[in-house]
Amino acid sequence: MKAILQRTSHARVTVDGEVKGEIEKGFLVLLGVENGDDEKEAAALADKISGLRIFTDENDKMNLSLGDVGGGVLVISNFTLCADCSHGRRPSFIAAARPETAQPLYEYFCARLREKGVERVEQGVFGADMQVELVNDGPVTLDIDSKDLKK
């Protein structure tokens, strides 16, 4: 499972002109589910993200978590994170989990964030053509792979 996390001062997602999810301070998470991912990987990733200390404290050090700043998370499903661009010019998405596998893991990931104390978890619409807007604060952008969390 792969996540691109961006610290944001504002983010929202719209589908057909209708706002489906919106947060102020917090994280925008683009989430890609790969073949072979399971609830254990989703839980590990959600646990890591919910506790990350990447908001600045009074000394301008990245030392505060979502809970410390009352931040929210906007989670967007994004199978293109699973792309293989190593051959040719057209990416292969063969590593992306099928929707019937990916959607329940996406929902589980969001539920796990809530279980870990994130009070506001907003979501996009799984499988939809979405327009995502954000103000990247910092900018701070992290690339997190659940497979790296097992070490």
The extension gain from VAL19 to SER65, computed as 0.36 nm times the residue separation minus the Cα-Cα distance, is 13.9 nm
Under a Gaussian network model of the chain whose springs join Cα atoms within less than 10 Å, the largest fluctuation of ARG90, ARG53, ARG12 belongs to ARG90
By the C-alpha gyration tensor axes a ≥ b ≥ c (rounded if a/c is under 1.5, else prolate when a/b exceeds b/c, else oblate), the shape of the range 1-101 is prolate
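Of all DSSP beta bridges located in the range 19-130, what percent are antiparallel, nearest 5?
Restricted to the range 19-130, the bridges split so that about 30 percent are antiparallel.
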In the range 38-96, the chymotrypsin sites (Phe, Trp or Tyr not before Pro) that sit in a DSSP loop and have at most 15 other Cβ atoms within 10 Å of their own Cβ are PHE93
Of every hundred units of 1.4 Å-probe accessible area on the chain, the number belonging to carbon and sulfur atoms, as a percent, is 46
The answer for the chain, accessible area per residue at 1.4 Å probe in Å², is 55
Of the residues ASN136, VAL125, SER146, the Cα lying farthest along the dipole of the range 105-151 towards its positive end, which is defined by charges on the beta carbon of Lys, Arg, Asp and Glu, belongs to SER146
Given 4-11, 98-105, the highest-first ranking by average Cβ count within 10 Å works out to 4-11, 98-105
Once MET62, MET130 are ranked on solvent-accessible area with the largest value leading and a 1.4 Å probe, the list reads MET62, MET130
Taking alpha-carbon centroids only, the range 58-72 lies from the range 5-42 a number of Å equal to 19
Projected onto their principal axes, the Cα atoms of the range 42-151 stretch, largest extent first, over whole-Å spans of 48, 34, 29
About its Cα centre, the chain carries a charge dipole, from +1 on Lys and Arg Cβ atoms and -1 on Asp and Glu Cβ atoms, whose size in debye to the nearest 20 is 360
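The values are calculated or read from the model by the stated rules, or taken from the named source; none is laboratory data. Computed from a predicted structure; not experimentally measured. Cβ sites come from the backbone with ideal geometry, for glycine too, and all protein chains shown count toward neighbours. These area figures cover heavy atoms from the full protein model, side chains too; ligands, DNA and RNA do not enter into them. Shrake-Rupley method; radii C 1.70, N 1.55, O 1.52, S 1.80 Å.
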